[in-house]
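Here is the structure we will look at, set down as structure tokens.
The values are calculated or read from the model by the stated rules, or taken from the named source; none is laboratory data. Note that this is a predicted model, so its numbers are computed, not measured. Cβ placement follows ideal geometry from the backbone for every residue including glycine, while neighbour counts extend to all protein chains displayed.
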Amino acid sequence: MRLRTAPADDREEIYRDHTRQRLQLTAVEMGVTAVAGSLAALLARLLIPMPEYVGLRVLLLPLTALFAFLIARAPSVQTYGLACMATIAMVSLNCYLGALGTDRPLMYFLPAAIIVVVTTSFFWITLAQWVGGSLACYAFFLPFVFDHTANRTDTVFASLYAGIALATAFVTHRRVQDYQRRAFDQECRLAELSATDALTGARSRAEFLHQAEQAAGLARDTGASLALLYLDIDHFKRLNDSHGHAAGDAVLRGMGEVLRQTLPQQDVLGRLGGEEFCVLLPGHSEARAAAVAERLRLLLAQVPRPDERLTVSIGIATLRAGESVMQTLHRADLAMLKAKQSGRDRVCIAE
């Protein structure tokens, strides 16, 4: 699964994309709030004498809705951020136009300068997006601040509260980011636990079969070869009966450690149940898979076992045209049984 196996750089990209998808679930509410807030500001301005740019402000409403729609449809984190910034710019522009022509435009625009940056602090995925969104809002705030005709008291008062809002939004954004990061990391840990056999460190049966299906699909598309090794510990029941299950668990742990350390990253180790393991070998022909199986058989003989030398029987099968993974696995299982019937501690290739 991508969440569990990605390198650090890819993991960060996955985290951001994962966050984007979650935030897009609230895109409808965000859009409705943006349009409703702009409409409320427009209606409030109509109650004040000499409203200006009414027609333009009405046209901004569907444009705001369009950008909010793009938030929900954004295919990437960057596009999502740009759509959010554009939505904020439309809301802020609407409030800016409404403030023009009033006796105290700075005070009229101040609620937007406070509310917009605080309420949107939850929806930014990166710090750069938060900065861009804040600039999109405050770009319309600054003309009123630096207007030489503005009341000094209003300028000081508005700048103070806008600064407080900006600081609050920054802290809120960072806190939300920390919470989302913790939730993502916890989800990854839980996913890893569900996909990993706790005793041996191998992939669980369900996870192994899932990855095998993916590898088989890729092999069919590209024409590459794919091999399966089916491993079973010889006389494992006798070990448990004679020395207890703790001794059997110790052997399984040792076997899992050897296999995980020996197999390259692209190969997948799974525990199918009990003492049965399976190894997925993408890009391996039958001959290459047999060489890998023989090497593993010799290495596993070094794993300590209290009653005798550890031996395994291994069956090999390669994916055939038109064959499912389960059919290939079944043939590998039959080859493993043939190895046992032939004297154990050997490798057999499926017919």
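Just one of the numbered conditions (1) over 20 Å from Met336 (Cα atoms); (2) at pLDDT 95 or above is not true of Pro264: (2). Condition check: under 29 Å from Val268 (Cβ atoms) and not assigned by TED's automatic domain parsing to the domain that holds Ile316. Does Glu187 satisfy that? For Glu187, the condition - under 29 Å from Val268 (Cβ atoms) and not assigned by TED's automatic domain parsing to the domain that holds Ile316 - is met.
Entry remark, region 204-225: residues being crowded, with 18+ Cβ neighbours inside 10 Å and more than 23 Å from Ser285 (Cβ to Cβ) number 2 in total. So, Asp267, is that one more than 16 Å from Thr328 (Cβ to Cβ), charged (D, E, K, R) and assigned by TED's automatic domain parsing to the domain that holds Arg331 or not? It is false that Asp267 is more than 16 Å from Thr328 (Cβ to Cβ), charged (D, E, K, R) and assigned by TED's automatic domain parsing to the domain that holds Arg331.
Any residue at all in region 150-162 that is at pLDDT below 90, among the aliphatic types (A, V, I, L, M) and surrounded by 14 or more Cβ atoms within 10 Å (Cβ to Cβ)? Yes: one or more hits. Does region 27-37 include one or more residues that are closer than 15 Å to Leu97 by Cβ, at pLDDT 90 or above and touching a helix residue (DSSP H, G or I) at 6+ places or on another chain (Cβ under 7 Å)? There is at least one residue in region 27-37 that is closer than 15 Å to Leu97 by Cβ, at pLDDT 90 or above and touching a helix residue (DSSP H, G or I) at 6+ places or on another chain (Cβ under 7 Å).
Thr200 fulfils the conditions (1) closer than 17 Å to Leu300 by Cβ; (2) assigned by TED's automatic domain parsing to the domain that holds Ala332 except for a single criterion, (2). Taking the numbered list (1) assigned to a helix (DSSP H, G or I); (2) without any contact (Cβ under 8 Å) to a residue 40 or more places away in the chain; (3) of a type in the set (A, V, I, L, M) in turn, Ala198 passes all entries but (1). Scanning region 245-304 for residues that are among the β-branched types (Val, Ile, Thr) and out of contact with any Gly (no Cβ under 7 Å at 6 or more places or on another chain) yields Val251, Val258, Thr262, Val268, Val279, Val292. Here the condition is being over 29 Å from the mean Cα position of the chain (by Cα) and in contact (Cβ under 8 Å) with a residue 12 or more places away in the chain; of Leu70, Leu56, it holds for Leu56 alone.
One residue alone among Leu300, Leu337, Leu296 is modelled with pLDDT of 95 or more, closer than 25 Å to Ala206 by Cβ and touching an Asp or Glu at 6+ places or on another chain (Cβ under 9 Å), and that residue is Leu337. With respect to (1) in contact (Cβ under 8 Å) with a residue 12 or more places away in the chain; (2) hydrophobic (A, V, I, L, M, F, W, C); (3) part of a helix (DSSP H, G or I); (4) within 27 Å of Arg20 (Cα to Cα), the lone exception for Val171 is condition (1).
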